[in-house]
């Protein structure tokens, strides 16, 4: 769980926005959104990556795919999702809320 806590502390993107689902989305909606995006952005499916693995477009495809995969990994697991919803520092939250959530995370991990 410590790895997840550290990942959440460094998290700057909203997993729900990455997958294009609402916060109250059901598991099936999350899975469907993930599969749709994964097929679209998978490096093996990208024409740019077939030309050259070192191209900027291929590197971008890899980054996007990894972001989608991380979002799905977190939201598809009920325990990780519950923790993410409670502690995640969303960029859209007001600064006071972000600071409070960071402090809560620091206490939970016993260090900042």
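The values are calculated or read from the model by the stated rules, or taken from the named source; none is laboratory data. Keep in mind it's a predicted model, so treat the numbers as computed, not measured. As a convention, Cβ positions derive from the backbone with ideal geometry for all residues, glycine included, and neighbour counts pool all protein chains shown.
Some observations on this one:
- Residues that are buried (at least 16 other Cβ atoms within 10 Å of the Cβ) and within 16 Å of residue 17 (Cβ to Cβ), drawn from the stretch 66-80: 67, 68, 69, 71, 72, 74, 75
- Hits in the stretch 36-62 - residues which are loosely packed, with under 12 Cβ neighbours inside 10 Å and under 21 Å from the mean Cα position of the chain (by Cα): 39, 44
- Within the stretch 1-33, the residues that satisfy the criterion of being at pLDDT 85 or above and not in a loop (DSSP other than H, G, I, E, B) are 15, 16, 17, 18, 19, 27, 28, 29, 30, 31, 32, 33.
- Cβ separations smaller than 8 Å between residues 6+ apart or across chains give the following pairs from the stretch 38-64 residues that are under 22 Å from residue 19 (Cα atoms) to residues that are outside any helix (DSSP H, G or I): 57/46; 58/46; 58/52; 61/42; 61/46.
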